[in-house]
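Single-structure report; data block below.
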Amino acid sequence: MRGVEFQEDGFLVLEGFLSAEECVALQQRIGQIVAEMDVPPHCRAEFPPRILNKAEEQQKTQDNTEYFLSSGDKIRFFFEKGVFDEKGNFLVPPEKSINKIGHALHAHDPVFKGATHSSKVQAVARSLGFHMPVVVQSMYIFKQPRIGGKVPAHQDATFLYTEPLGRLLGLWIALEDTTVENGCLWFIPGSHTSGVSRRMVRTPAGSMTGISIRGSDPAWDNSLYVPTEVGRGSLVLIHGEVVHKSEQNLSDHSRHVYTFHLMEASGTVWSPENWLQPTAELPFPPLYT
């Protein structure tokens, strides 16, 4: 594999990593999960609408934050803005309303577990020198037509921080063609060599917000970004510190992706301040099985 290119740029595209049939299998399985989902109560709005007092607003914020913070060992649903009416009914078909499903598909669903731990994924990890990789999270991202929102420029290690740095790898598998129009990834090549400028951390127990941001990102020059359009079945390897983003989906076509993160467990400290923490019910599972 082109390891030197990955180390220089901080990302690498491997075309044809999954076959069309393998992509379809993952899409069909996520369709079944969506068809069977229960919409979490915090997504439903009251009707008739009423003005919340300060205590109620604080409780709503805490409920939303807790739903996210406790999703690391579960399969949970996160929706696009404006997809529910005042009664809590869908304004669009449910399968067109979801932003993403996360964060433990790799652990709880046999189809996604098989894809995550496949011999092909293991071979990629070994080629990059991973000795004891563990899976820390997984997501299915929909990037819905016309409403799929932009993802601002960021580094994955902002949210999944390790000491030392350089131990985190994102694997981003395009289940549909990705283009500039439907929200492909954009990278700043070589930006993974400058450390991490911002971190999202858990606040102490009992805090109302649950999370806070430490530090700030520099004003990255837009001219440095390179669009990365890839075909269905392609794998994009993402260094934990490389700067990347995606724009809003302005097309009539979705951009389905299955993505997950590996960490080299040998000699690595997973920050106890990270929002996502292994649990007794779900320790980070070893990739090599």
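The values are calculated or read from the model by the stated rules, or taken from the named source; none is laboratory data. These numbers come from a predicted model, not from an experiment. Using ideal geometry, Cβ is built from the backbone for each residue, glycine included, and neighbour counts are taken over all protein chains shown. Each accessible area value is taken on the protein alone, full model and side chains, heavy atoms only, with ligands, DNA and RNA left out. Shrake-Rupley method; radii C 1.70, N 1.55, O 1.52, S 1.80 Å.
Values as computed for the structure displayed
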quantity	calculated
Probe 1.4 Å - accessible area at E8, Å² to nearest ten	120 Å²
Radius 15 Å from Cβ of E241, net charge of other residues (Lys, Arg +1; Asp, Glu -1)	-2
Range of Cα positions in the stretch 64-169 per principal axis (Å), largest first	51, 29, 27
Alpha-carbon centroids, the stretch 79-124 and the stretch 224-263: separation in whole Å	16 Å
Å² per residue, accessible surface of the chain at 1.4 Å	47 Å²
Charge context of G10, other residues only, Cβ under 15 angstrom, K/R +1, D/E -1	-2
For the stretch 171-289, convex hull of alpha carbons as volume per residue, Å³	175 Å³
Point-charge dipole on Cβ atoms (K/R +1, D/E -1) for the chain, about Cα centre, debye to 20	360 debye
Around E273: net Lys/Arg minus Asp/Glu count, Cβ-Cβ under 15 Å	+3
Angstrom value of the Kirkwood radius, inverse mean 1/r, which spans all Cα pairs in the chain	19.9 Å
Cα Rg over Rh - the stretch 109-148, Kirkwood	1.13
Within the accessible area of the stretch 137-251 (1.4 Å probe), percent carbon and sulfur	56 percent
Qualifying aspartates and glutamates (Cα of each under 19 Å from Cα of K245; at least 8 residues distant if same chain)	E8, D9, E80, D156, E176, D177, E181, D217, D221, E229
Descending semi-axes in whole angstrom, ellipsoid equivalent of the stretch 104-218, from the Cα gyration tensor	24, 21, 18
Within the chain, helix-based [θ] at 222 nm, where runs of 4 or more DSSP H residues each add -39,500 (n - 2.57), nearest 500	-6000 deg cm²/dmol
